[in-house]
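A quick write-up on the structure given underneath.
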Amino acid sequence: MKSTAELSGIQNYKNLPNRFELPSAWKFFLYFLGICFFIYSLSGSGLSGGDLVRGVPNMARLVGEMTPPEFSRIRSISLAMLQTFQMALVGATIGIIISFFLAVLASRRNSPHPALYYSTRFIIAFCRSVPDLVWAVLFVASVGLGVFAGTLTIIIDTIGFCGRFFAEAMEEVDQGPEEALQTIGATRLDIVMSAVVPAAMPSFVNSSLFAIEKAVRSSVVLGLVGAGGIGIELKVAMDMFEYQTAATIILSIFLLVIAVEQFSITIRSRFM
Amino acid sequence: MLLQSETTYIDSDMISGEEIHLAVSSLAKSFDGRGVILDDVSFSIKKGDAVALIGGNGSGKSTLLRCCLRLVEPDRGEISLLGMPVTSLRRSPLRALRSRVGLIFQRHNLVPRLTVLSNVIHGSMNSGWGFRRWRQGFAPAEIREQAIGCLEKVGLPHLANSRADQLSGGESQRVAIARALMQKPDFIMADEPVASLDPKVGREVMDLFVNLIKTENITFLFVSHDLEHALTYSNRLMAMKDGVLHLNGETKDYQTADLHEIYG
Ligand SMILES: Nc1ncnc2c1ncn2[C@@H]1O[C@H](COP(=O)(O)OP(=O)(O)OP(=O)(O)O)[C@@H](O)[C@H]1O
Ligand SMILES: [Mg+2]
C-alpha cells in the first residue's frame with residue numbers, strides 16, 4: 001500500500017514549521033505578569049458572589065415595584081423622548097457633516113499639507129478619547145444646563161467616531177480612478193469629490209448609521225449630568241421612588257433604541 | 001544658450017515640414033533599490049502617427065509613458081509633448097497639458113458607483129467649473145450632449161445611465177475611451193489597453209482606437225504584448241529592452257520573427 005502522500009507525489013519535507021512555537025523566556029515572563037495582574041484585578045473589581053446573591057431579592061423587589069408601569073405622565077415622557085431623539089439626530093447630523101470635512105484633511109493622500117494632516121488627526125483622536133459624559137459635564141459648565149449642552153456633546157462624540165472611520169474609508173479606496181482623473185488634469189478637490197467620495201460612500205453611510213445609533217444611546221444618559229433629554233426624568237423618577245414611572249421611561253428608551261436600530265438596518269440593506 | 005537650442009528645435013520642425021507631437025531626448029529614470037529603469041531613451045513621434053511600443057515585462061514601458069506626463073518624475077532628459085517642455089512646467093500648465101492627452105490603462109479605472117455618463121463627463125474636468133463636472137446631474141446641457149456624443153463614437157449611448165461597476169471588461173474599456181475623447185485630446189497614450197479583453201473584443205477595441213485617431217486626427221502611442229496588434233495597428237514601432245530603446249522604425253520594415261528577439 002502506498003501512502004496518500006506518496007500517491008499524490010508529495011515529498012516528505014523535513015523542515016516543516018512547528019504547529020505551535022514555544023514562547024521565548026522573555027515573552028513567557030510577560031504572559032506570566034499579565035496573568036498575575038488579571039488575578040489581582042479580580043479582587044480590585046469588587047466581583048463578589050455573596051453580594052450578587054444578597055442583591056437578587058432587592059432586584060426582584062425593584063422589578064416588583066416597577067410593575068405595572070405607570071402611564072399617567074406619558075405626555076411629558078413622550079415630549080422628553082422626542083427632545084432626546086431630536087438632540088441625537090441633530091447632533092449626529094452636524095457631527096457627520098463636520099467629520100466629512102475633517103476626514104478629508106485627516107486622510108494622508110488627500111490632505112493638502114502634512115501639518116494639517118497631523119493636527120486634524122490629533123483633534124479627531126482627542127474628541128474620541130475623552131468620554132461623552134465628561135464632554136457633557138464640561139459643556140453644562142460652560143453653556144448651562146439643558147439640551148444645547150447635550151447636542152454639543154453629541155457633535156463632538158460623533159466627530160471622534162466618524163472622523164476616524166471616514167478618513168480610513170477614504171484611504172482604503174482603490175487608487176486607479178484617482179490616478180485616471182489626475183492624468184486628466186483634475187485638481188485634488190475634483191478628485192476627492194468625484195472619485196474618492198463616491199467609492200467610499202457605502203462606508204460613509206455605514207459609519208453614519210452607527211453614529212446615529214450611538215448618539216441615540218448616549219443622548220439617553222446625558223440627562224443624568226443635566227445635559228437635557230430623558231435622562232433627567234429617569235433620575236428624578238428613581239430619586240423620588242416612582243419606580244412605576246421609571247419603568248415606563250425605561251420601556252420607551254428600549255422602544256426608541258430598537259426603532260432606530262431597525263431603521264438603520266433597513267437603510268443599510270437598501271444601500272449596500 | 002537655452003534660447004538658441006529652442007530655436008534649432010523649431011527649425012528642425014520646419015525642415016521636415018511636420019509637427020512633432022512628442023520628442024524625448026536622453027531620458028533617464030531609476031528607482032531606489034531597483035536600479036536603472038530607463039537609460040538614455042530618445043525618440044520622437046510625429047503628429048498623426050500610430051506608434052506601437054513593445055518590450056518584455058519590467059522593461060520600462062509604463063514608466064516611459066508615465067514620465068511623458070510627469071506622473072513619474074524623470075531623473076534626467078528633456079521631454080517635449082505637444083510643443084510644451086514637460087519637465088519644466090509648473091503645476092497648473094502641467095494640468096492643462098495633461099488634459100490634452102488621453103491616457104488609457106489596462107484596467108479601465110472608471111469610478112465605481114457612478115453612472116457611465118458621469119464618468120465620461122469627468123473627461124472634461126480641466127475645462128473649468130469644478131463641481132459641475134463631478135456628477136452628470138450638475139453638468140451643463142452642452143457638456144451632457146457632448147458626453148453622449150462621445151458614447152456614440154464608442155457605440156455605447158444606451159449605457160449612459162448604467163453604473164460603471166456593472167459593465168463588462170470590453171464595455172468598461174470603451175467607456176474609458178469615451179472619457180478620453182471627452183478631453184478632446186490631441187494625443188492618446190494607451191498602456192496595454194486590451195490586455196484583459198478576449199481576442200475578439202480586443203480587436204474590436206483596437207479597431208475603434210485606430211478609426212478614432214484617423215477621424216479625429218489624434219496621435220496614438222500604445223503599449224502591447226500582442227505582436228500581431230503591434231504590427232497591425234501601427235505605422236511606427238518601438239521596442240524596449242532593459243530600459244533601452246532597441247528598435248525604432250517603420251512598422252512595415254519588421255516581421256514577427258524580428259520582434260521575438262527583444263524578449264530573449
Ligand atoms: N513606483 C515605482 N517604484 C519602484 N519601482 C518601480 C516603480 N514603478 C515601476 N518600478 C519598477 O520599474 C521596472 C519597470 O516597470 P514598468 O512598469 O515600467 O515595466 P513595463 O515595461 O511596463 O512592464 P509590464 O510589461 O509588466 O507592464 C519594474 O522593475 C518595476 O518594478
Ligand atoms: Mg506596464
Using the structure shown, decide if B:VAL24 is within 14 Å of chain A (Cβ to nearest Cβ), away from ligand 2 (no atom under 16 Å from the Cβ) and among the hydrophobic types (A, V, I, L, M, F, W, C).
no
Which one is farthest from B:ALA23 (Cα to Cα), of the residues in the range B:39-62 that are in contact with a Leu (Cβ under 6 Å, 6 or more places away or on another chain) and within 8 Å of ligand 1 (Cβ to nearest atom)?
B:GLY60
Could you please find all residues in the range B:115-147 being among the charged types (D, E, K, R) and more than 11 Å from every other protein chain (Cβ to nearest Cβ)?
B:GLU142, B:ARG144, B:GLU145
Find the helices (runs of 4 or more DSSP H) located wholly in the range A:99-210 whose residues include 1 or more that are under 29 Å from A:GLU261 (Cβ atoms), and list them.
A:114-129, A:132-143, A:147-172
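Hey, among A:SER194, A:SER208, A:SER203, which residue is within 7 Å of chain B (Cβ to nearest Cβ) and modelled with pLDDT of 90 or more?
Working: A:SER208 fails: within 7 Å of chain B (Cβ to nearest Cβ); A:SER203 fails: within 7 Å of chain B (Cβ to nearest Cβ).
Just a single option satisfies the conditions, and that option is A:SER194.
If a residue must be small (Gly, Ala, Ser) and either within 16 Å of ligand 1 (Cβ to nearest atom) or more than 13 Å from chain A (Cβ to nearest Cβ) (or both), how many such residues does the range B:155-177 contain?
Let us first name the residues in the range B:155-177 that are small (Gly, Ala, Ser), namely B:155, B:160, B:162, B:164, B:168-170, B:172, B:176.
Then keep just the ones that are either within 16 Å of ligand 1 (Cβ to nearest atom) or more than 13 Å from chain A (Cβ to nearest Cβ) (or both); that gives B:155, B:160, B:162, B:168-170.
The number of residues fulfilling the criteria is 6.
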Selection from the range B:89-114 of residues more than 7 Å from chain A (Cβ to nearest Cβ), closer than 15 Å to B:ALA178 by Cα and of a type in the set (D, E, K, R) yields B:ARG100
Give me the pairs, please: first residue somewhere in the range B:37-65 and without any contact (Cβ under 8 Å) to a residue 12 or more places away in the chain, second residue anywhere and in a helix (DSSP H, G or I) and away from ligand 2 (no atom under 16 Å from the Cβ), beta-carbon distance under 8 Å, and either six or more positions apart or on two chains.
none
Being more than 20 Å from B:LEU156 (Cβ to Cβ) and either more than 16 Å from ligand 1 (Cβ to nearest atom) or not assigned by TED's automatic domain parsing to the domain that holds B:SER42 (or both): is that true of B:ARG132 here?
yes
Listed residues B:ILE262, B:ILE188; which is more than 24 Å from B:LEU110 (Cβ to Cβ) and buried (at least 16 other Cβ atoms within 10 Å of the Cβ)?
B:ILE262
Just to be sure I understand the filter: pairs with C-beta atoms under 7 Å, separated by 6 or more residues or on different chains, first member in the range B:188-199 and within 14 Å of chain A (Cβ to nearest Cβ) and hydroxyl-bearing (Ser, Thr, Tyr), second member part of a loop (DSSP other than H, G, I, E, B) and within 11 Å of ligand 2 (Cβ to nearest atom). Which pairs pass?
B:SER196/B:GLN106
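The values are calculated or read from the model by the stated rules, or taken from the named source; none is laboratory data. This one's a predicted model, so the numbers in the text were calculated from it and none came from an experiment. Ideal geometry is used to build each Cβ from the backbone, glycine not excepted, and the neighbour counts take in all protein chains shown.
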